[in-house]
Amino acid sequence: MTNFKDKLSNLRNRRLGEVSTFAFDAALSTSLEHLIYNSRSEKENYETRATGEATKYALGAMQQVGARYTEISYEEGKRVISQITNGLSALPLKASFEFQGSVPLNVHIRGVSDVDILVLHEEFVTVDWDGPTAGTYIRLPNPPTVLEQIQNLRAQCETLLTARYPAATVDINGDKSISLSGGSLKRKIDVVPSHWHHPAAYQQSQQKHDKEVKILHKSKKELLSNSPFLHMRKIEEKDLQTNGGVKKVIRLIKNIKNDSTLDIKLSSYDIASLVWHFDNSTLNKSSYMELSLISETQQKIESMILFELRTRTLVTPDNSRKIIDSEEKWTSLTLLNEELIALSEQIAREIQPHLFHDSLSTVRRALSESHIY
């Protein structure tokens, strides 16, 4: 049987921080930890809504992290941006910056999610020349190749970040990003050298979400297209249509993946993309029916597994690629379903201990009919 006591403990530590970094005297450890935890747990409403460990875990896994934690994530990202800005200005090399990924989308997981920063070369953009306003752009005479300029931006970022964060671990070996962690940094930061691309859709709409970015793939020495703002817009739109259900389920799955002993190889982007394909009615639940989101999620993932051919054709919200684009991701979908079944079954036992749940259908019914205030 899955140990939800440990999973709940992991979740608490992520959401509240470790109880203490000090080594307690053995005789005082239990009482001190109890006092510290009690003082912090008052801020976590989900734990007062249930008594069972699996139920508490599920409810907590769906909730957003505290506002101050998110503020610190942005503060740490802006610290890194300031260092890059100062370093590049001495070259001189102009760049602008954008946050992307889980933090601005508010599906980040405390202690797990990185802060993603796009470093965008500001001395040029590329365009689709068949776009409606392409004629308004000025072609530069004999410019360096775009690839060379982004490779130079990447090299400069690697050099200055390594120099300015000597106590941190600065990993320059990633193909798409430079990763910083440790030292004085309170968050892991991923720096992504890139540049703006204006496709025909952006030329028509002039809306930020239609802008694309080109990201350097270091080892392949090529530029990859990405539409992070369209992805975020699509998720935000569906979240509004589902009373916040989309983001709750994304956070739930991300926490399940993080706490699983199984090797679930689905990225945060993959998870968000899969949930985006759920029916709105599946996700639109009142706050007192949050447990039904677990049942609905398990059924949807199981349905995706059952209808394999269709699932393998599903694309990301920005239409850039198929979501399940490798065999390990397909296997991961099955492993995720196993975790969701285990969680659902244990919650059913906790909320209806007097009943014998002899099938998955009765388990689903228990969660779907449960009201947690």
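If you go through the stretch 202-235 and keep only what is touching an Asp or Glu at 6+ places or on another chain (Cβ under 9 Å) and either part of a loop (DSSP other than H, G, I, E, B) or aromatic (Phe, Trp, Tyr) (or both), you end up with TYR202, LYS218, SER219, LYS220, SER227, PHE229. Name the residues in the stretch 122-133 that are over 26 Å from LEU93 (Cβ atoms) and surrounded by 11 or more Cβ atoms within 10 Å (Cβ to Cβ), would you? Passing the criteria: GLY131, PRO132, THR133. Is it the case that THR136 is of a type in the set (Val, Ile, Thr), touching a helix residue (DSSP H, G or I) at 6+ places or on another chain (Cβ under 9 Å), free of Cβ contacts under 8 Å to residues at least 60 places away in the same chain and within 21 Å of LYS211 (Cα to Cα)? When the stated conditions are applied, THR136 passes them.
Would it be correct to say that LYS247 is in contact with an Asp or Glu (Cβ under 7 Å, 6 or more places away or on another chain) and either β-branched (Val, Ile, Thr) or not assigned by TED's automatic domain parsing to the domain that holds VAL107 (or both)? Judged against the criteria, LYS247 is a match. Criterion first (under 16 Å from the mean Cα position of the chain (by Cα), surrounded by fewer than 20 Cβ atoms within 10 Å (Cβ to Cβ) and more than 19 Å from HIS121 (Cα to Cα)) does ASN258 satisfy it? Yes.
Filtering ILE347, ILE305, ILE341 for residues that are assigned to a helix (DSSP H, G or I) and more than 27 Å from THR51 (Cα to Cα) leaves a single hit, ILE305.
Being closer than 23 Å to GLU123 by Cβ and within 21 Å of the chain's Cα centre (by Cα) is a property that does not hold for LYS188.
From the list THR311, THR362, THR334, which one is free of Cβ contacts under 8 Å to residues at least 40 places away in the same chain, of a type in the set (S, T, N, Q) and crowded, with 18+ Cβ neighbours inside 10 Å?
Numbers: THR362 fails: crowded, with 18+ Cβ neighbours inside 10 Å; THR334 fails: crowded, with 18+ Cβ neighbours inside 10 Å.
When all the criteria are applied, what remains is THR311.
Filter the stretch 161-171 down to the residues that are assigned to a helix (DSSP H, G or I) and within 27 Å of the chain's Cα centre (by Cα), then identify the one that is surrounded by the fewest Cβ atoms within 10 Å (Cβ to Cβ). Can you show your working first?
Applying the first criterion (assigned to a helix (DSSP H, G or I)) to the stretch 161-171 yields 161-164.
With within 27 Å of the chain's Cα centre (by Cα) added as a condition, the list becomes 161-162.
Values: LEU161: 21, THR162: 15.
Here the residue is THR162.
When the residues of the stretch 44-70 are filtered to those that are of a type in the set (D, E, K, R) and part of a loop (DSSP other than H, G, I, E, B), the one that is modelled with the highest pLDDT is ARG49. Count of the stretch 308-330 residues, restricted to those that are closer than 24 Å to ALA342 by Cβ and assigned to a loop (DSSP other than H, G, I, E, B), is 2.
Only one of the numbered conditions (1) more than 24 Å from LYS234 (Cα to Cα); (2) surrounded by 14 or more Cβ atoms within 10 Å (Cβ to Cβ) is violated by LEU283, and that is (1). Within the stretch 131-160, being of a type in the set (Val, Ile, Thr) and either in a loop (DSSP other than H, G, I, E, B) or outside the structural domain of SER219 (by TED's automatic domain parsing) (or both) holds for THR133, ILE138, THR145.
If I ask for residues that are under 29 Å from GLN100 (Cβ atoms) and either touching a helix residue (DSSP H, G or I) at 6+ places or on another chain (Cβ under 7 Å) or at pLDDT below 95 (or both), which ones from the stretch 291-318 would you list? Scanning the stretch 291-318 gives LEU293, ILE294, GLU296, THR297, LYS300, ILE301, MET304, THR311, THR316, PRO317, ASP318. Among the residues of the stretch 71-114, those identified as acidic (Asp, Glu) and either surrounded by fewer than 17 Cβ atoms within 10 Å (Cβ to Cβ) or in a helix (DSSP H, G or I) (or both) are GLU71, GLU75, GLU76.
The values are calculated or read from the model by the stated rules, or taken from the named source; none is laboratory data. Since this is a predicted model, take the numbers as computed values, not measurements. Don't worry about glycine lacking a Cβ; one is built from the backbone with ideal geometry, like all the others, and counts go over all protein chains shown.
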